[in-house]
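K.L.:
Handing you this structure, nothing more for now.
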Amino acid sequence: MACAVPAFSLSEALPAGPAPNTLQQQYKNLKADLEIIDGFRMIKMFTMDKFWTTVEDSLQAQRSKLRELAALIAKQQKDMQALAMSLSKIEKENQALTTGVDSLIIFGKPHSKAGFIVVVSFVILGLVVLAGILFSIWPGITLHDPRIAQAE
């Protein structure tokens, strides 16, 4: 029994040479170090422990990378939402500027400049025509109206 304890001890000296890092190198090392006893393939415990430690380290490294990437993705999604909100705000401001340039705001409602010019032109033309009609009638009124003739 005393002989079996050192065979399963984790503190047993490791073989000299470069320690394999990757899982594939560890697996190849396991296959190379196995012994065949009574037709069974036997693997040394320290080699198996070293392989398991490498597997756990690899899994832990992958999980930490996944956590970092998930945090990065979440941060980028927040940044994208902030940029989308900023873009929509800028587009609204741009629309307001475009409305201000292309339109005239009268009583809080935008109206096209061309329509406003047409309406103002018709109003001015109507006033000119009305003034012309009034001035053409005015001299006739003074000749026929005795009250205006007396005032002169």
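The values are calculated or read from the model by the stated rules, or taken from the named source; none is laboratory data. This structure is a prediction, so every number in the text was calculated from the model and none was measured. When the accessible area is computed, the model is the full protein with side chains, heavy atoms only, and any ligands, DNA or RNA have been set aside. Shrake-Rupley method; radii C 1.70, N 1.55, O 1.52, S 1.80 Å.
K.L.:
Gain in length, T53 to V128, computed as 0.36 nm per residue apart minus the alpha-carbon separation, to one decimal in nm?
P.N.:
In short, 17.0 nm is gained.
K.L.:
In addition: Report the accessible area of M85, computed with a 1.4 Å probe over the heavy atoms of all protein chains in place, in Å² rounded to the nearest 10.
P.N.:
140
K.L.:
Ignoring everything but the protein chains, give the 1.4 Å probe accessible area of T53 in square angstrom, nearest 10.
P.N.:
Result for T53: roughly 70 Å² accessible.
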